[in-house]
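Colleague: Before I ask anything, let me first share the structure, which is written out below as structure tokens.
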Amino acid sequence: MIALENFLILSTILFSIGFFGVLSRKNAILILISVELMLAAVGINFVAFASFFDTSQLSGHIFTLFVIAIAAAEVGLALGIIIRLFRDRNSVNIDEANDLKW
Amino acid sequence: MSIGMQQSWLLTLIPLTSFLIVSLFGKKLPRQGDWIVVLSGSLCFLITLLIIGDFQSFFHGHGFEPVGNNIYNFDWINIPNYLLIEYSTFVDAITVVMLFVVSLVGLMVIIYSIGYMQGEQRYHWYFSLLAFFLAAMFTLITTGNLLQLYLAWEGVGLGSYLLIGFYWEKQSAAEAAKKAFITTRIGDVGLLIGIIMLWRVAGTFDIQTIIQLAQESTFSDGYLTTAMIFLFFGAVGKSAQFPLHVWLPDAMEGPTPVSALIHAATMVVAGVYLVSRMLPIYTLLPIAQNLILITGLITALLAATMGLLAQDIKKVLAYSTVSQLGYMFVALGVGSLTAAMFHLFTHAFFKALLFLGSGSVIHATHKQDISQLGGLKNKMPITFVTFSIGALSLAGIPPLSGFWSKDEILLYTSEFGAIFYGLLLFAALLTAIYSTRLVILTFFGTPKDQEANDHAHESPKLMSVPLLILAFFATVSGFFIFPFVGNLVGFDSGFSGIVYLDHPHDFHIELSTMLVAISVSLLGVLIGYLYWLNADGRRAENAKEWAPEVRNLLLNNYYFDNFYQAIINKFILGLASIIAWFDDQVVNRSGIDGSAQIINYIGFRLKFLQTGKIPNYVLMMALGIILFSFIMVVNY
């Protein structure tokens, strides 16, 4: 059986890549994809812990299903915002969307 | 429900209600609502009579045994085990005397005012203030605890302030009102300190309990003396005693009926009332009692000399009031509650009569300066006769009331010490001289101002009837010292058997002191006659050159006002400018503006964190999460 650590290392790597993407990308769609990566990392963590420690109730699996559902809703919302942004300024570069400041 | 001593709270409620009605709706009411105040004044007088009747039923021969029927109270503020403030009323012999004086003089003044204030502006405001003052005054004399007394004490002070400043368009009236209020406030601070000191040890404000505790020596002597001297300081301020006497002569700026009510018969005797109420404690404290005696003596003498040369008819009366109040304090200082209360009783009638009489003169001639008056005796016969009765009573001519009460004080003082007796006799001589001078310059001789004299006329009935009633009381109230007169009105004994400290004493005529007092009074009247009436007052004119320094000293009231003004200018205003500087620079600029500026600056710097760039926010968020995770790991 694959040890728990391996799942955790995978999810950490995935989370870090996603986090790096959020910080470094300028394109709003790419940031959104990075966020999805981070959510996937969280899901792996949930499932891994649940498989190892909570074999009877599988609550981690259920949580993951919820996370995926909510992530889908969130993507729908975020894409809607991004489309409005694109219609407004003909670009999805978030560096240009900086009107809300001092 | 019958009305008796337990219902004395009605005396607060009725005038207070009429004050509210008249002050709020007076302008819209017929006659501006003066009849409401007259009605409430009459009701109060009626209730007073009922209370006196109830008092009589508990009065057995010598003494008064109330068994709780004279007390009414409920909890006002109650913090269990810490603080209990009651609303309480307490009626005993002192209260009954005060009630009779206040309600009778109050009613007379209200009726007189209808005539005197006719056609004045703010007519309804004047009457509502009279009602307010009466409510506070009745509360003051019926109260059973010190805190309520303090409340009423400030209430009468406020009423006095508003009525002195009734003609506030006049600069001098506005300033006199301020002076009266602030000067009495100085004394009131002492009163408050005294009350708090007594409460700290006794744990109650109830006067009778405090007296009982003091007699059981719950307080240490030094502490009690200090507290009672502070309390006396309040009385000094209110009763215009030396050195806080300066406000009363200026208070004459108010309408004359107000002077009769507040500054002769009722409010100014509040100090005498307070000390009388506390006299069982003062008699335990020789230092405090001697202080009262000496203060009273100095005041009686100083004020009598100042009254000698005053030119304003009302100021002469004001100085004489200060002087007579000094007499009452002398009586309290020698420990005679009877003499003090008796003089208070008679003085209220004849001094209110004198003030109302002078108001009648002022109403007729529109002049207050006695060097401008004269020759009014045929023009205003009722005023002349009643005013003379008041003046002769003040001078101490038998059988008028002032003679009997002054004689009581002189008698007790002569038992106390020859020097006090001598000085008091001298003050009595001066009193006789200036009251004679006042009558002569106002009513006798040739008119100095013919035009004013031609227009002079007797006052309307509304004014002359109160004069006649008060003249009646100024004549007969002195007889109340005789037991058989007390018997006539339903008491088995005279005044000395009703109002007394430890045990009643029977009135007896001490022929020697009485003869001395009579001769001193007659001598004073004779001097007044010789100097101001005989030979057209040429002697008085010549006397002006006798001692110009003394004359100047008296005309300037011993430079008290200048002295106080200098203290205010140099010391108090100097101190005030330091405080003003501190307030402006430290509190305002540094404290309030400064802290606002610091916040403003911090905000200006920090606002640049708000870049509008999403990666920045995310970074902040991530750093925050890392920080908190770190803290959690460390704490775990």
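Colleague: Inside segment B:434-451, can you point out the residues that are buried (at least 17 other Cβ atoms within 10 Å of the Cβ), more than 25 Å from the chain's Cα centre (by Cα) and part of a helix (DSSP H, G or I)?
Modeller: B:T436, B:R437, B:V439, B:I440, B:L441, B:T442, B:F443
Colleague: Residues being more than 28 Å from the chain's Cα centre (by Cα) and either farther than 24 Å from B:S464 by Cα or touching a residue at least 12 places away in the same chain (Cβ under 8 Å) (or both): count how many of those fall in segment B:370-420. Explain how you work it out, then say what you get.
Modeller: Narrowing segment B:370-420 to residues more than 28 Å from the chain's Cα centre (by Cα): B:371-382, B:415, B:417-419.
Right, trim to either farther than 24 Å from B:S464 by Cα or touching a residue at least 12 places away in the same chain (Cβ under 8 Å) (or both) and you get B:371-377, B:379-382, B:415, B:417-419.
The total comes to 15.
Colleague: Let me confirm something: among A:L30, A:L23, which residue is in contact with a Leu (Cβ under 7 Å, 6 or more places away or on another chain), within 14 Å of chain B (Cβ to nearest Cβ) and free of Cβ contacts under 8 Å to residues at least 12 places away in the same chain?
Modeller: A:L23
Colleague: For residues in segment B:152-198 being assigned to a helix (DSSP H, G or I) and basic (K, R), which is surrounded by the fewest Cβ atoms within 10 Å (Cβ to Cβ)? Steps first, please.
Modeller: Pass one, segment B:152-198, residues assigned to a helix (DSSP H, G or I): B:152-167, B:171-198.
Pick out the ones that are also basic (K, R) and you get B:178-179, B:185.
Details: B:K178: 15, B:K179: 20, B:R185: 13.
Among them, the one singled out is B:R185.
Colleague: Got a number for residues in segment B:450-476 being within 14 Å of B:I382 (Cβ to Cβ) and among the aromatic types (F, W, Y)?
Modeller: Of the residues in that region, 1 qualify.
Colleague: Which one is farthest from the other protein chains (Cβ to nearest Cβ) among residues in segment A:3-19 that are surrounded by fewer than 17 Cβ atoms within 10 Å (Cβ to Cβ) and of a type in the set (S, T, Y)?
Modeller: A:T12
Colleague: For the list (1) among the small types (G, A, S); (2) assigned to a helix (DSSP H, G or I); (3) more than 51 Å from the chain's Cα centre (by Cα), I need the number of the one condition that B:G612 fails.
Modeller: All conditions are met except number (2).
Colleague: If you don't mind, another one. Let me spell it out: the conditions are (1) surrounded by 15 or more Cβ atoms within 10 Å (Cβ to Cβ); (2) away from chain B (no Cβ under 14 Å); (3) at pLDDT 90 or above, and A:G60 meets all of them except one. Which number is the exception?
Modeller: (3)
Colleague: Something else: Restricting to segment B:199-221, count the residues that are free of Cβ contacts under 8 Å to residues at least 60 places away in the same chain and in a loop (DSSP other than H, G, I, E, B). Let's see the steps before the verdict.
Modeller: Going residue by residue through segment B:199-221, those that are free of Cβ contacts under 8 Å to residues at least 60 places away in the same chain are B:199-203, B:209, B:212-213, B:216-220.
Imposing the further condition that a residue be in a loop (DSSP other than H, G, I, E, B) reduces the set to B:203, B:216-220.
Qualifying residue count, segment B:199-221: 6.
Colleague: Related question: For A:R87, which of the numbered conditions (1) surrounded by 11 or more Cβ atoms within 10 Å (Cβ to Cβ); (2) farther than 24 Å from B:V618 by Cα fails to hold?
Modeller: Against the list (1) surrounded by 11 or more Cβ atoms within 10 Å (Cβ to Cβ); (2) farther than 24 Å from B:V618 by Cα, A:R87 comes up short only on (1).
Colleague: On the basis of being in contact with a Gly (Cβ under 9 Å, 6 or more places away or on another chain) and of a type outside the set (S, T, Y), does B:L158 make the cut?
Modeller: Judged against the criteria, B:L158 is not a match.
Colleague: Suppose the filter is more than 14 Å from chain A (Cβ to nearest Cβ), part of a helix (DSSP H, G or I) and within 30 Å of B:W247 (Cβ to Cβ); does B:Q597 pass it?
Modeller: no
Colleague: I've got another one for you. Just the residues that are within 12 Å of chain B (Cβ to nearest Cβ) and part of a helix (DSSP H, G or I), please, taken from segment A:83-102.
Modeller: Answer for segment A:83-102, where residues must be within 12 Å of chain B (Cβ to nearest Cβ) and part of a helix (DSSP H, G or I): just A:L85.
Colleague: Going through A:A78, A:A48 one at a time, which residue ends up being within 21 Å of the chain's Cα centre (by Cα), in a helix (DSSP H, G or I), within 14 Å of chain B (Cβ to nearest Cβ) and surrounded by 10 or more Cβ atoms within 10 Å (Cβ to Cβ)?
Modeller: Testing whether each residue is within 21 Å of the chain's Cα centre (by Cα), in a helix (DSSP H, G or I), within 14 Å of chain B (Cβ to nearest Cβ) and surrounded by 10 or more Cβ atoms within 10 Å (Cβ to Cβ) leaves just A:A78.
Colleague: If you don't mind, another one. Can you tell me which residue among B:A566, B:A540, B:A547, B:A622 is away from every other protein chain (no Cβ under 14 Å), more than 30 Å from B:G396 (Cβ to Cβ) and of a type in the set (G, A, S)?
Modeller: On the way: B:A540 fails: more than 30 Å from B:G396 (Cβ to Cβ); B:A547 fails: more than 30 Å from B:G396 (Cβ to Cβ); B:A622 fails: away from every other protein chain (no Cβ under 14 Å).
Matching residue, one of B:A566, B:A540, B:A547, B:A622: B:A566.
The values are calculated or read from the model by the stated rules, or taken from the named source; none is laboratory data. These figures come from a predicted structure and were not determined experimentally. A quick note on method: Cβ atoms are made from the backbone with ideal geometry, for glycine too, and the neighbour counts reach across all protein chains shown.
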